[in-house]
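Please treat every number below as a calculation from the coordinates, not as lab data. Source: prediction; values computed, not measured. Positions of Cβ are generated from backbone atoms using ideal geometry, with glycine treated the same way; all protein chains shown enter the neighbour counts.
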Amino acid sequence: MNDKMTIKDMNLHYSEFHALKDVNLNIGAREITAFIGPSGCGKSTLLKSLNRMNDLIPGCKIDGDIRLDGEDIYGDMDVNLLRKRVGMVFQKPNPFPMSIYDNIAYGPRTHGIHSKAKLDEIVETSLRNAAIWDEVKDRLKKSALGMSGGQQQRLCIARALAVKPEVLLMDEPTSALDPISTSKIEDLAVELKKSYTIIMVTHNMQQAARISDKTAFFLLGQVIEYNDTETLFSLPKDKRTEDYITGRFG
C-alpha cells in the first residue's frame, strides 16, 4: 500500500512540555487511520501538526520529519497549499455565519474560482459527496446556522471537500452528535476513503473498530502500538493497549 503521509522521529514541545515523543507512523493512502487513547495524550496535537495548525500556537516547537507524498511539509511547502491538500474537520461543527451555498463556495473562491457555473457545480458535488445534498438542495440560500448539529457537521465535511483535498483530518468529528448523526458520519467516512486518505481522532473505541483500517494507540505523548485495526483490537501486543481497550484504565 502506498503511504500518503509519513511521520519519522517526531517530537513536539509546547515551551517546556514534551507533548509528543518519538512518533513514527506511516499513513496509508485511501485508508482510515484512527488515533485512540485517553484525553491529553497527544492525539489531537499530532493531528493538528499534519496541516501545521500548531504553527499558530506560541512556543510550539517540532523536530523530526513529516512528509506528504514524500515532500517535507515543514520545509519550504506553502502552508496555504498544504491546508488545501490536507483539510480539517473539527470536533464541534463550525459553519460560517452565511448561507449553506456560501459556506461551500468560500474555499474555492479564496483559491480564485469565481465562475457561477463552476461554483454551482462544486457546491452540488461537495454536498453530494458529504451525503447531505438531498436535505439542503432547496435551501442553499438559507443560513447554515439553522441546520441541526449532524447536518452542520456534514456541511463542514462538504466545505472541506470543496477545495479538493487529498487528506481529511477529523478531530473527534462525532463527539458532539447524537447516535443517528454519528452513524451517518461513519458511513460517510467509509464512502469517502475511496477517494481520500482519512485520519481520525476518536474517543470512541467502537467507532475506531467499526470504520478504521489502521489504529494507533497513544499514551502520554507516545504511540504505544500501531497496527491493522482488527489485529490491534483482537491481539494487542502491548499490555497497556490491552488494558485500555478492555476498559481497565483511561
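For segment 78-182, the relative contact order works out to 48 percent when only alpha carbon pairs closer than 8 Å and six or more residues apart are counted.
From the square roots a ≥ b ≥ c of the eigenvalues of the alpha-carbon gyration tensor of segment 49-139, which class results: rounded (a/c under 1.5), prolate (a/b over b/c), or oblate? Write down the numbers at each step before the final one.
On the way: a/c = 2.51, a/b = 2.00, b/c = 1.26.
Here segment 49-139 falls in the prolate category.
Contact order, relative form, for segment 53-131: 14 percent (alpha carbon pairs under 8 Å, 6 or more residues apart, mean separation divided by residue count). Residues whose amide H comes within less than 5 Å of that of Met88, counting only those at least five positions distant or on another chain, are Leu169 (H built at 1.01 Å from N in the peptide plane).
Please report, in debye to the nearest 20, how large the charge dipole of segment 136-250 is about its Cα centre when each Lys and Arg carries +1 at its beta carbon and each Asp and Glu carries -1 there.
On the way: 16 positive and 15 negative charges, 122 e Å.
Its charge dipole is roughly 580 debye.
For Cys60, the residues 5 or more places off, or on other chains, whose built amide H falls under 5 Å of its own are Ser15.
With neighbours defined as other Cβ atoms within 10 Å of a residue's Cβ, the residues Thr45, Thr182, Thr231 order from fewest to most as Thr231, Thr182, Thr45.
Under a Gaussian network description of the chain, with springs only between Cα atoms under 10 Å, the residue in Met147, Met170, Met200 that fluctuates furthest is Met147. Computed from backbone phi with θ = phi - 60° and the Karplus coefficients 6.51, -1.76 and 1.60, the 3J(HN,Hα) list for segment 123-138 is 4, 5, 4, 5, 5, 5, 5, 8, 6, 9, 3, 4, 7, 10, 4, 8 Hz; x is used for glycine and proline. The helix-only estimate of mean residue ellipticity at 222 nm for the chain, built from DSSP H runs of length n ≥ 4 each weighted as -39500 (n - 2.57), is -10000 deg cm²/dmol after division by the residue total.
Quick one: in the chain, what % of C-alpha pairs are over 35 Å apart? Spell out each step's value before the answer.
Working: 4463 of 31125 pairs.
Cα-Cα pairs of the chain separated by over 35 Å account for 14 percent.
Over segment 111-167, the alpha carbon radius of gyration divided by the compact-protein estimate 2.2 N^0.38 Å works out to 1.10.
Note on the chain: antiparallel DSSP beta bridges, both residues inside, total approximately 60 percent of the bridges counted.
Is segment 73-115 best put as rounded, prolate or oblate by its Cα gyration tensor, with a ≥ b ≥ c the root eigenvalues, rounded for a/c under 1.5, and otherwise prolate when a/b is larger than b/c, oblate when not? Oblate shape, in that a/c is at least 1.5 and b/c is the bigger or equal ratio.
What are the ³J(HN,Hα) values, in whole Hz, obtained from phi via the Karplus relation 6.51 cos²θ - 1.76 cosθ + 1.60 with θ = phi - 60°, for each residue of segment 144-158 in sequence order, with x given for Gly and Pro? 3J(HN,Hα) across segment 144-158, in whole Hz: 5, 6, x, 7, 6, x, x, 5, 4, 5, 5, 4, 5, 5, 4.
About the centre of its Cα atoms, segment 3-245 shows a dipole size close to 780 debye [charges on the beta carbon of Lys, Arg (+1) and Asp, Glu (-1) only; nearest 20 debye]. Loop-located trypsin sites (Lys or Arg not before Pro) in segment 200-241 (DSSP state other than H, G, I, E, B) with a sparse environment of at most 16 neighbouring Cβ atoms within 10 Å: Lys237.
Across segment 226-240, coupling constants 3J(HN,Hα) worked out from phi with the 6.51/-1.76/1.60 Karplus curve, θ = phi - 60°, read 9, 6, 4, 4, 4, 5, 4, 7, 8, 9, x, 8, 9, 4, 5 Hz, and Gly and Pro carry x.
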